[in-house]
Amino acid sequence: EKKPCPLCPEEKFKACYSHKLHRHLQNLHWKVSVEFEGYRMCICHLPCRPVKPNLVGDQTFSKMGAHYHCIICSATITRRTDMIGHINRHVNKGETESRFITVPAPKSSHEVLKESATDVQVLPNYSTPQKTDSYFNPKMKLNRQLIFCALAVLAEERKPIECLDAFGATGIMGLQWAKHLRSSVKVTINDCNENSVTMIHENCHLNKMKVKLNTKEDDNDEAMGDGEENTDTIEVTKMDANVIMHLRSFDFIHLDPFGTSVNYLDSAFRNVRNLGIVSLTSTDISSLYAKAQHVALRHYGCNIVRTEYYKELAARIVIAAVTRAAARCNKGIEVLLAVALEHFVLVVVRVLRGPSPADDSAKKIRYLIHCQWCEERIFQKEGNMVEENPYQQLPCDCHGSMPGKTAVVLGPLWSGALFNTGFLRRMLFEAVQYGLDEAQPLLKTLVCEAECTTLKHFSTHSPYDENKQEECGVYIKTPNTSAESYLVHRKRKSDEVIRNAAKRQKSENSAEHPAFYYNIHRHSIKGMNMPKLNKFLNYLSEAGYRVSRTHFDPMGVRTNAPLAQFKTILMKYSTPTYAGGQAEGPVHLTEDVQAGEQVQAAADCKAEDDEFLEDDKSGVAVAMFTKDYPTHCAAD
C-alpha cells in the first residue's frame with residue numbers, strides 16, 4: 001500500500017511504497033534534524049510557514065518554505081543553525097519543558113553486518129556515501145585485510161603501539177584491530193561526524209568493547225560490555241582528522257577519506273613516530289586513472305595521460321605526493337606496499353626520521369618520458385642540465401621514423417621500488433595465521449612481483465623462522481664449557497646475525513623489481529595467435545630476463561627486457577591464424593608466405609601514397625614503387 005509523506009505536501013512528494021518512503025524520510029528529513037533530549041525535530045515542508053508573497057501580474061503566489069517547529073515554543077525557524085541557537089537560548093533560560101505532546105523517536109532498524117568475526121551496525125543506504133553519515137563499503141574488505149596485516153607485522157616489531165583510524169565511519173577497521181591484536185595495540189577511532197561517533201559507540205557495545213571518552217568530565221572508562229580487561233578499550237574521538245594528528249603522536253596511522261587524501265598528509269607526517277607506518281587509501285580513481293587529468297594536476301601536481309600501465313602510474317603518483325609531504329617534515333619514507341585495484345589505490349610506507357632519509361627519498365621523484373606510439377617509457381636521468389634531445393633517452397627510435405612529436409613527459413612520479421619483499425612475506429604469514437583468505441592470493445602475487453619471479457618458484461617458509469634460527473644459533477653448552485666462552489660465542493653470534501641482516505637488506509635493495517610492465521595484448525601482432533601467458537613468461541625467462549606477473553593487470557608482464565626484445569620473443573613464439581594450427585611455438589614462414597607478405601605490404605604502401613596515382617603516368621610510378629619499397633615496408 002502506498003503512503004504519503006507526513007512532512008511534505010502531496011504535490012512535492014507523491015504517495016509511494018514503504019521502502020521508498022523510508023528512504024525519503026531518512027535522507028531528506030531525518031538527516032538534517034535537530035536533536036534535543038532524546039527527541040528529533042525534523043525539517044517540515046508543509047504550508048505551516050508561508051513566506052512573503054510575490055506579485056506576478058495580477059496573481060499572488062506564496063511559496064512555502066522548509067522550516068523547523070520548536071518543541072518548547074510555537075516558533076517556526078527556517079535554518080538549522082538558527083534552530084540550534086534557538087534551543088540553546090531556551091536551555092540557558094531554564095525552559096526545557098515541552099509544550100506539545102511529543103512521541104519519542106523510534107529506533108531505526110539498523111542492519112548488522114559481520115566481517116572477520118566483527119559485527120557492525122549500518123544505517124540504510126550504507127553503501128552510498130552521499131546519502132549516509134556512516135559509510136560502509138563491503139567491496140573494500142580486501143583493503144581492510146591488507147591494512148590489518150600491515151598493522152599485525154608492526155605489532156610484532158614493538159609492543160604496544162598506538163594506532164589511529166582517522167576516518168572511522170562505522171568503526172569496523174578499528175574494531176578489527178582491537179579484537180584480534182588485543183593488548184598489542186591501543187586503538188583510537190576518530191570521526192568528525194556526530195552520527196558516526198554515535199554509531200561507533202554502538203558498534204563497540206555490540207562487540208563487547210570498552211570505550212574511553214575523549215572528554216575531561218569523563219576520565220573513567222565507560223564499560224560497553226561485560227569484559228573487564230583494559231586491553232579491549234577503544235578510544236573514540238570526535239574532531240577533525242588534521243587536528244588529532246597535530247595534537248598526538250601515533251605509531252600507525254591510516255587515512256581513508258572520501259576521495260583524495262592529499263589534504264591530510266602534512267598532518268599525518270607531523271607527529272608520526274620514527275619507524276612508524278602511514279597507510280592511505282585513495283578512492284579518487286577518476287583522476288588517478290587519467291579519466292580526469294585536470295583534477296590530477298590540481299590535487300597531485302602531476303601531468304598524466306592514459307597508458308597501458310595506468311594503475312602503476314596512479315600508485316607512483318600517490319607515493320610522490322606522500323614523499324613530498326614527508327620531506328617537508330624532514331622525514332623520508334620506505335615504500336612497503338603499493339596496490340592499485342578497481343576501486344582504490346592503497347599505499348603503505350614506513351617513516352624514517354632525519355634530513356638524510358628525506359633527501360634520499362626526494363631524489364627518487366623524477367619525470368617519465370613516455371612514447372605514445374610504441375608505449376616505451378623511461379625515467380629521466382638525474383641532474384639539472386637540460387638535454388638537447390630528450391628523445392635520445394628512449395630505447396625506441398619512433399621519433400626518428402615518425403613525423404612530429406612522439407613522446408610526452410609525465411610526472412613527477414616516484415621512481416623507486418613499490419614493494420618490500422620481507423615485509424610482504426611477514427604480511428602473508430599474518431594473513432595465514434589470522435585466516436584472511438581473500439588477502440592471501442594477492443599477497444602471494446605481490447611477493448612474486450617484488451622478487452620478479454613466477455608463482456611456481458614461490459616458497460612458503462615463515463619469515464620469522466630464519467630470524468629465530470639466526471638468533472638462537474647451533475652452539476650447545478656442554479658441562480666442560482666455561483660461562484665466559486659461552487657468552488663470548490653468543491655475542492659473536494649476535495654480531496654475525498646483525499651483519500647478515502644488513503647484507504640481506506642490501507641485497508634486497510639492490511635487486512629491485514623492474515619499473516612498470518607490458519600488456520601482452522597491447523603488443524600482440526595482428527593476425528597472429530600469441531602464446532599463453534605462462535608459457536610466454538617461461539620464454540622470457542629462458543632468454544635470460546627477469547619476469548613476473550603483476551597484480552596491476554591480469555595480462556601484464558613485469559620484466560627487465562626492452563620492449564623491442566619483448567616484441568621479438570612474442571613474435572617468435574606466435575603462430576599465424578591462417579596456418580590453422582593451435583600448437584604454440586616459434587614462427588617459421590615459408591618463402592611463398594614471405595613473398596606474399598611483401599606483395600601485400602607493397603600494396604598497402606601504394607594505397608597510402610596517393611601522389612603516385614595522379615595522372616596517366618601513375619603506372620610507371622607504381623611500378624617503380626613496387627620494385628623499390630617492399631623490403632622496406634616489410635621491415636616496418
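The values are calculated or read from the model by the stated rules, or taken from the named source; none is laboratory data. Please read all numbers here as calculations on a predicted model, not as lab measurements. Here the Cβ is made from the backbone with ideal geometry for all residues, glycine too, and neighbour counts use every protein chain on show. We work out accessible area using only protein heavy atoms, side chains counted, and drop any ligands, DNA or RNA first. Shrake-Rupley method; radii C 1.70, N 1.55, O 1.52, S 1.80 Å.
Go through 520-531, 277-288, 541-552 and give me the packing order, highest mean Cβ count within 10 Å leading.
Details: 520-531: 14.8, 277-288: 22.7, 541-552: 18.6.
The most tightly packed comes first, giving 277-288, 541-552, 520-531.
How would you rank 311-323, 31-43, highest first, on the average number of other Cβ atoms within 10 Å across their residues? Each step should come with its number before you reach the end.
Details: 311-323: 25.4, 31-43: 15.5.
Per-residue Cβ counts within 10 Å, averaged per peptide and sorted highest first, yield 311-323, 31-43.
From the Cα gyration tensor of the range 415-462, with a ≥ b ≥ c the square roots of its eigenvalues, which class applies: rounded if a/c is under 1.5, or else prolate if a/b is larger than b/c, or else oblate?
Details: a/c = 1.89, a/b = 1.47, b/c = 1.29.
Prolate shape, in that a/c is at least 1.5 and a/b is the bigger ratio.
At a 1.4 Å probe radius, which order do 373, 30, 177 fall into by accessible area, largest first? Write down the numbers at each step before the final one.
Details: 373 140, 30 80, 177 0 Å².
Of 373, 30, 177, the descending order of accessible area is 373, 30, 177.
With a ≥ b ≥ c the root eigenvalues of the C-alpha gyration tensor of the range 338-436, is it rounded (a/c under 1.5), prolate (a/b larger than b/c) or oblate? Intermediate values should be presented prior to the final figure.
On the way: a/c = 3.48, a/b = 1.78, b/c = 1.95.
Oblate is the answer for the range 338-436, as a/c is 1.5 or above yet b/c matches or exceeds a/b.
Which residues' amide hydrogens lie under 5 Å from the amide hydrogen of residue 259, considering only partners 5 or more residues apart or on another chain, with H built in the peptide plane?
Result for residue 259 returns 283, 284.
List the residues, sorted by chain then number, that are 5 or more residues from residue 303 or on another chain and whose placed amide H is less than 5 Å from its amide H.
Amide H to amide H, under 5 Å and 5 or more residues apart or across chains, residue 303 pairs with 411.
Pairs 456/535; 532/572; 20/238: which are spaced more than 20 Å apart, C-alpha to C-alpha? Let's see the in-between values first.
Working: 456/535 12 Å; 532/572 13 Å; 20/238 32 Å.
Violating the 20 Å Cα-Cα cut-off are 20/238.
Among the listed pairs 311/567; 141/381; 381/444; 159/311, which are separated by more than 29 Å between their Cα atoms?
On the way: 311/567 22 Å; 141/381 40 Å; 381/444 33 Å; 159/311 35 Å.
In this structure, 141/381; 381/444; 159/311 lie more than 29 Å apart at Cα.
When a/c is below 1.5 the answer is rounded, else prolate if a/b is larger than b/c, else oblate, so apply that to the range 231-332 with a ≥ b ≥ c taken from the square roots of the Cα gyration tensor eigenvalues. Walk me through the numbers before you get to the answer.
Details: a/c = 2.31, a/b = 1.89, b/c = 1.22.
Taking the square roots of the gyration eigenvalues as a ≥ b ≥ c, the range 231-332 is prolate.
Could you check the simple spin-label distance between residue 274 and residue 286, using points 7 Å along Cα→Cβ, in nm with one decimal?
Result: 4.4 nm between the two label points.
Please provide three numbers in whole Å: the alpha-carbon extents of the range 159-214 along the principal axes, with the largest listed first.
32, 21, 18
Just to be sure I understand the model, the point goes 7 Å from the Cα along the line to the Cβ. What's the resulting residue 20 to residue 534 distance in nm?
In this crude label model, residue 20 to residue 534 measures out at 5.2 nm.
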